[in-house]
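Report on one structure; see the data block that follows.
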Amino acid sequence: MQPVEIKKDIWWVGAVDYDTRDFHGYSRSPYGTTYNAYLIKDKKNVLVDSVSASFTGAMLCRLAKALPLEQVDYIVCHHLELDHAGALAELVARCKPEKIFCSQMGAKSMQGYFDCQAWPVQIVKNGESLNIGSRTVQFFETRMQHWPDSMVSYIPEDKLLFSNDAFGQNISSTVRYADEVSEEYLLNAVEEYYYNIVLPFSPQVTSALKALGGLDVDMIAPDHGLIYRGRKSAGFILDAYARLAEQKPCKRALILYDSMWHSTEKMAYAVASGLEEVGVPSRIMSLKYNHHSQVMTELSRCGAVLAGTPTHNNGILPAVAAVLTYMKGLRPKNRVGGAFGSYGWSGEGPKIVHEWLESMDMEMPAPFVKTQWAPRHESLGQCHELGKSVGQALTIKCGG
Ligand code: FEO
């Protein structure tokens, strides 16, 4: 449990969670996660963020190896969600800091979570600076990235941005830097994190990237996962976020479905053949085998969504309802959609899915396809045509 010096006198003192597969109770994290916290040793010693409560001991151990706990002067709380503030009460009790800095909204969250009336809390405003000796900590509010309280801080003397939730990835590892893993692995983790956590806040991401664009940054230290060191690595994640926030359509389609007796499954494959005929690759995901967060990660690479369900109790299957609820909350933009499904006697399912996709502002170039009992040649042909229509509309949306 050693601290890691990431810049002269600036130490990583966080904790690695190799075992979690459930991030915040709603998303899968197949590679675990990391709760990053940082210590700046200067005239005033500053602890930046903390860790989830169950990792308090690990963090205190690392921190104590870098500095006696009672010598921590300031604690900065960028964000009060408990993966970063879970250890806060223990830290305050052990370190007895002179001041705890947070945003105005952060102070409200702090009061909600902790009995903190006696804590020496100081609210900082957007753009405010704090001199800690040979360095300055500049605070920038980044509301809704991830909560209303969220902020980041920048150390100009070190060209270092502490970015809190922004630019994170759910990776657990013995290495601390993004350049120590393959770019493919890193990008997959970034897309997974963005599409399951950050996506609804894309307009704020675009604004924040503009606001922070004037900073001279050669290291970005997020609160989850690996640290981006050097301009190339920092540029990689800034570019990735600009692309992900823009949600520019990609010429690839996601086909998701659930099925009872394989009829809707056969329709899904016929939809894929229609897409293929017009030159649009697709990924077929059965919801029996793919979690809703895997579906969202795949959506990061797809400009179209085709969703299929049988009709069940005059509605749709629960796995389809779950993924559409999750997807709608994450507010994907600029997609083309299509719906299909089989039924026995009432047949409402595909219409419900079609309306659900429409409610996400998806362009729906063709009516939904439904087929009674098992799909035969004619209805599989209709599914093929649905795939073609969606593929052609997507191709136009992508500029040809
Ligand atoms: Fe990593 Fe919003 O918490």
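The values are calculated or read from the model by the stated rules, or taken from the named source; none is laboratory data. Given the structure is predicted, the values throughout are model-derived calculations rather than measurements. No Cβ is skipped: glycine too gets one built from the backbone with ideal geometry, and neighbour counts run over all protein chains shown.
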Tabulated pairs, segment 58-83, first at negative phi, second aromatic (Phe, Trp, Tyr) and assigned to a helix (DSSP H, G or I), C-beta under 8 angstrom, 6+ apart or interchain = 80/113; 82/113
Which of the residues spanning segment 6-25 are surrounded by 14 or more Cβ atoms within 10 Å (Cβ to Cβ) and in a strand (DSSP E or B)?
-> 6, 7, 10, 11, 12, 15, 16, 17, 23
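Applying the selection to segment 31-44, what residues are in a loop (DSSP other than H, G, I, E, B) and either touching a residue at least 40 places away in the same chain (Cβ under 8 Å) or within 11 Å of the ligand (Cβ to nearest atom) (or both)?
Passing the criteria: 31, 32, 36, 37, 42, 43, 44.
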Unique match (being within 16 Å of the ligand (Cβ to nearest atom) and either more than 30 Å from the chain's Cα centre (by Cα) or within 17 Å of residue 44 (Cα to Cα) (or both)) among 103, 134, 109, 153 = 153
Tell me the strands (runs of 3 or more DSSP E) entirely within segment 62-148 that contain at least 3 residues that are in contact with a Ser or Thr (Cβ under 8 Å, 6 or more places away or on another chain).
-> 136-141
Residues of segment 203-221 classified as among the small types (Gly, Ala, Ser) and within 16 Å of the ligand (Cβ to nearest atom), total | 2
Determine if segment 222-233 includes at least one residue that is within 16 Å of the ligand (Cβ to nearest atom) and on the phi > 0 side of the Ramachandran plot.
-> yes
List the pairs whose first member sits in segment 232-252 and is more than 26 Å from residue 160 (Cβ to Cβ), whose second member is at pLDDT 95 or above and assigned to a helix (DSSP H, G or I), and whose Cβ atoms are under 6 Å apart, counting only residues at least 6 apart or on separate chains?
-> 249/397
Does any residue of segment 150-163 turn out to be outside any strand (DSSP E or B), within 25 Å of residue 24 (Cα to Cα) and at pLDDT 95 or above?
-> yes
